[in-house]
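Student: First, the structure itself, so that you have it in front of you.
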Amino acid sequence: MQELNVGLIGGGFMGKAHSLAYAAMPMFFWPAPAMPVRKVLAEANDELASTAAKRFGFERSTSNWREIIDDPEIHVVDIATPNNLHAEVAIAAAKAGKHIICEKPLSSTTGDAKAMYEAVKDAGIVHMVAFNYRRTPAVALAKKYIEEGAIGKILSFRGTYLQDWSADPDSPLSWRFQKSIAGSGTLGDIGTHVIDMARYLAGEISEVNAIMRTWIPERPVQSGGADLLGTSKGGGGPRAAVDVDDEVITMLKFQNGAIGSVEATRNAYGRNNFITLEIHGTEGSIYFNYERRDELQVCFASDEGDRRGFRTVYTGPAHPYGAGLWPIPALGIGYGETKIIEAYDFFKAIAEGGTVSPNFADGYQIALIDDAIVESAETGAWVAVESIQG
Ligand code: NAI
Ligand code: SOE
């Protein structure tokens, strides 16, 4: 079986999730398409790098990510840093002929997203952007039902992503609240996950009409370090301005005539990782809530009137990716499994010389949708989304 050496850049939250996926992927999906070898981990300094390498099972560590690019032994570059570093690393990796998995959003600016897409387009490498939630088995099952026509022609899509980890004004001004690093706030951070699933399930988005707000205009400064997602307090230190959005709500028009909406906030007390998707079609409806991610709710118009209503399908062996996961429905799919499935599809594309979605083209198209949302929030008008197809 082919071994593929991975160089991981960034040993924070996503460094952990991706490392787990590389270790576990062959345990779930056997025979594995290829064996990921955790070779080198790069962090911001030597101490962080060697600690993370030890913890996440990497053979070596470095404080200089360029060593990974220059290393002929490395086949796969995994970008799990804050958003502003994605472009520089990805473009260098593409030039060096490495396969790339890059965390979302693709980059902190649309110009960078375009440059990343152009760098990989003809490079003959596999590229993927890590919008992992579409790989929740229940979401993949929704896609299967839609493709089979089980709910007919799609009329509308409603998606939310609601969290509360930054609702406290004393939670620190980490990199996620700095435009120069993150690019945008809630929109790029979590709104993009729902936009990815809107495109996956309902089709390409053609126009948007949005409202955006920054509810907490300043926060206690955090200089450097991983984002602890509201679990640490900024204390009484100096505060600085937040220059990104806290909340976004947008209406959508799809190219196929469907309509919809996306709402995202990190200031919704009581909501944790509340991703919901509701899709209505001419023949039925589908509902998904990530906080109950083993379940897909479906209602079919063909059911007798006296028993029509939402029923619950618990995902298991009969469903997408089920053969590789757990042997009984409802044993429990977790966040880790979405990343294991993501790694499986990525390594499968490399092993088979194929492509995978979502990739840098999708990441760039989502950046263009984000631009249209920002413009609409500023002008109050419907804004047409530029398409990378031209
Ligand atoms: P984090 O703040 O937990 O970790 C980022 C790590 O990158 C830190 O440990 C930091 O020291 C390191 N880093 C910074 N500069 C570096 C450099 N020059 N070289 C090497 N390492 C460097 O951030 P987190 O949550 O892991 O986010 C990373 C990326 O993953 C972001 O793009 C974020 O949007 C994305 N993300 C995606 C998720 C998903 O569900 N797909 C979940 C969380 C984050
Ligand atoms: C914080 O909002 C965050 O970690 C996002 O960055 C991720 O993309 C999301 O999956 C979980 O929440």
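The values are calculated or read from the model by the stated rules, or taken from the named source; none is laboratory data. Computed from a prediction, not measured in an experiment: that's the story for all the values here. Backbone-built Cβ (ideal geometry, glycine too); neighbour counts: all protein chains shown. These accessible areas exclude ligands, DNA and RNA; they are computed on the full protein's heavy atoms, side chains included. Shrake-Rupley method; radii C 1.70, N 1.55, O 1.52, S 1.80 Å.
Student: What is the percent carbon and sulfur in the accessible area of the stretch 3-132, measuring with a 1.4 Å probe over the protein chains and ignoring ligands?
Tutor: C and S fraction of accessible area: 50 percent.
Student: Okay, moving on. With label points built 7 Å along Cα→Cβ from the Cα atoms of Asn273 and Ser387, find their separation and express it in nm.
Tutor: 3.4
Student: Please give the Cα centre distance for the stretch 289-364 versus the stretch 149-219, rounded to the nearest Å.
Tutor: Each part's Cα centre sits 21 Å from the other's.
Student: Another question, then. Mind checking the per residue accessible area of the chain for me, 1.4 Å probe, whole number of Å²?
Tutor: On a per-residue basis, the chain sits at 41 Å².
Student: Right, here's the next one. Taking every DSSP beta bridge that has both residues in the chain, what percent is antiparallel when rounded to the nearest 5?
Tutor: Around 60 percent antiparallel, to the nearest 5.
Student: Something else now. Going down the list Lys95/Lys121; Lys104/Lys233; Lys121/Lys339; Lys95/Lys179; Lys104/Lys144, which pairs span over 19 Å between their C-alpha atoms?
Tutor: Those over the limit are Lys104/Lys233; Lys121/Lys339; Lys95/Lys179; Lys104/Lys144.
Student: What is the dipole size for the chain, taken about its Cα centre, with +1 at each Lys and Arg Cβ and -1 at each Asp and Glu Cβ, in debye to the nearest 20?
Tutor: 600
Student: Order of 62-71, 361-370 by packing, highest average Cβ count within 10 Å first?
Tutor: 361-370, 62-71
Student: Taking the C-alpha atoms of the chain, how large are the radius of gyration and the largest Cα-Cα span, Dmax, in Å?
Tutor: Expressed in Å, the Cα Rg and Dmax of the chain come to 20.7, 66.
Student: Right, here's the next one. Hey, what do the phi angles of the stretch 303-312 turn into as Karplus ³J(HN,Hα) couplings, whole Hz, using 6.51/-1.76/1.60 and θ = phi - 60°, x for Gly and Pro?
Tutor: Working through the residues one at a time gives 5, 4, x, 7, 10, 6, x, 5, 10, 10 Hz.
Student: Now for a separate question. First check a/c for the stretch 1-140, with a ≥ b ≥ c the square roots of the eigenvalues of its C-alpha gyration tensor; if it is under 1.5, answer rounded, and if not, answer prolate when a/b is larger than b/c or oblate otherwise.
Tutor: rounded
Student: Read phi for every residue in the stretch 116-124 and hand back ³J(HN,Hα) as whole Hz from Karplus 6.51 cos²θ - 1.76 cosθ + 1.60, θ = phi - 60°, with x for Gly and Pro.
Tutor: Going residue by residue, I get 5, 4, 5, 5, 8, 3, 10, 8, x Hz, with x marking Gly and Pro.
Student: Listed highest first by mean packing, meaning other Cβ atoms within 10 Å per residue, what order do 38-45, 139-146, 324-331, 126-133 come in?
Tutor: Output ranking for 38-45, 139-146, 324-331, 126-133: 126-133, 38-45, 139-146, 324-331.
Student: Just check the stretch 24-99 against the gyration tensor rule for me: Cα atoms, a ≥ b ≥ c as the square roots of the eigenvalues, rounded for a/c under 1.5, and otherwise prolate or oblate depending on whether a/b exceeds b/c.
Tutor: oblate
Student: Another question, then. Is it possible to state the helix-based mean residue ellipticity at 222 nm for the chain, with each DSSP H run of 4+ residues giving -39500 (n - 2.57), the sum divided by total residues, to the nearest 500 deg cm²/dmol? What is it?
Tutor: Roughly -9500 deg cm²/dmol at 222 nm, from the helical runs in the chain.
Student: Given the peptides 72-82, 279-289, 309-319, arrange them by the average over their residues of other C-beta atoms within 10 Å, most packed first.
Tutor: In descending order of packing, they fall as 72-82, 279-289, 309-319.
Student: Okay, moving on. Once every Cα of the stretch 283-371 carries one equal point scatterer and solvent is ignored, give the base-10 log of I(q)/I(0) from the Debye formula at q = 0.20 Å⁻¹, two decimals.
Tutor: Taken in order of the listed q values, log10 I(q)/I(0) reads -1.05.
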